[in-house]
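Have a look at the structure below, then the notes.
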Amino acid sequence: WYPKEIAVQYGDVFTMSEEALTKVLTGYDAMVYSVGPDDRVTPPAPAYEFFQERLVGHCSKVFRAARKAGVKRAVVYNSYFAAFDRLYPEKRLAELHPYIRCRVEQAARLIEESEGQMDVMVLELPYIFGSMPQRTPIWKEVFLERFFRMPVVFFPKGGTTMIHVKSVGEAGV
């Protein structure tokens, strides 16, 4: 469903070697990375190892490969929970939540991996809403279907923020 002007290559960054990734990324000036589990995933305990491998380990491998391939600018879509960790240090979010801890580690590691040869931008994004052709929106099951199954919907005190996928794409560019 992609426009014909977009060349699509498929690969699994979790299984590809750094050398294979370097070959794929050679010839590109910029990269946007948006791969990995988010806070909707609840892995078996211990969760830290699960998130660390996917959000820090594999992501670092891709960024090292990008740097070696000559990519000059790279963006990673991170989480606004990392920003909350900085804003509210007394809550010890990264210390107490493995997903948040790994998002904080991810940002630090990627900046380190750039070795001053690649500009790294970390976008700490809130919940993202939008849709794609031929795909069911991820929020359909998480958000809408829960409302239809429950006789009463509770809205606790507080709130959150969200962004549309188009704005996320524009920010990445």
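Assorted remarks:
- Restricting region 45-116 to GluC sites (Glu not before Pro) in coil, as DSSP defines it, with at most 13 other Cβ within 10 Å: 115
- Cα principal axis extents for region 42-164, largest first, Å: 55, 42, 27
- Apolar share of the accessible surface for the chain: 58 percent from carbon plus sulfur atoms, 1.4 Å probe.
- Candidate lysines for bridging to residue 23, where Cα separation is under 27 Å - those fewer than 8 sequence places away on the same chain excluded: 4, 61, 68, 72
- Added length on full extension, which subtracts the Cα-Cα distance from 0.36 nm per residue, residue 45 to residue 86: 12.2 nm
- In nm, spacing of pseudo-spin labels at residue 166 and residue 132 (7 Å Cα→C-beta vector): 1.8
- Label point at residue 115 placed 7 Å out along Cα→Cβ; residues across region 67-87 whose backbone nitrogen lies under 13 Å: 67-71
- Solvent exposure of the chain amounts to 66 Å² per residue of accessible area, where only protein heavy atoms count and the probe is 1.4 Å.
- Measuring max minus min along each principal axis, the C-alpha atoms of region 78-150 give extents of 48, 35, 17 Å (largest first).
- Per-selection metrics, region 33-99 (Cα): Rg and Dmax in Å: 13.7, 41
- Loop-located trypsin sites (Lys or Arg not before Pro) across region 81-154 with a Cβ neighbour count of 13 or fewer within 10 Å are 92, 135, with loop assigned by DSSP.
- Among 125, 144, 96, residue whose mean-square fluctuation peaks in a GNM of the chain (springs only between Cα atoms under 10 Å): 144
- Size of charge dipole - the chain - debye, nearest 20, with Cβ of Lys, Arg +1 and Asp, Glu -1, no other charges: 380
- Theoretical ellipticity at 222 nm over the chain - DSSP helices of four or more residues, -39500 (n - 2.57) apiece, nearest 500: -10500 deg cm²/dmol
- Kyte-Doolittle mean at least -1.0 and Cα axial length at least 20 Å: DSSP H helices in the chain: 98-113
- Multiplying the residue separation of residue 153 and residue 14 by 0.36 nm and removing their Cα-Cα distance gives an extension gain of 46.2 nm.
The values are calculated or read from the model by the stated rules, or taken from the named source; none is laboratory data. Not measured: the values here are computed from a predicted model. Reconstructed Cβ throughout: ideal geometry from the backbone, glycine too, with neighbour counts over all protein chains shown. Note: accessible area is taken over every heavy atom of the protein model, side chains too, but ligands, DNA and RNA are not part of it. Shrake-Rupley method; radii C 1.70, N 1.55, O 1.52, S 1.80 Å.
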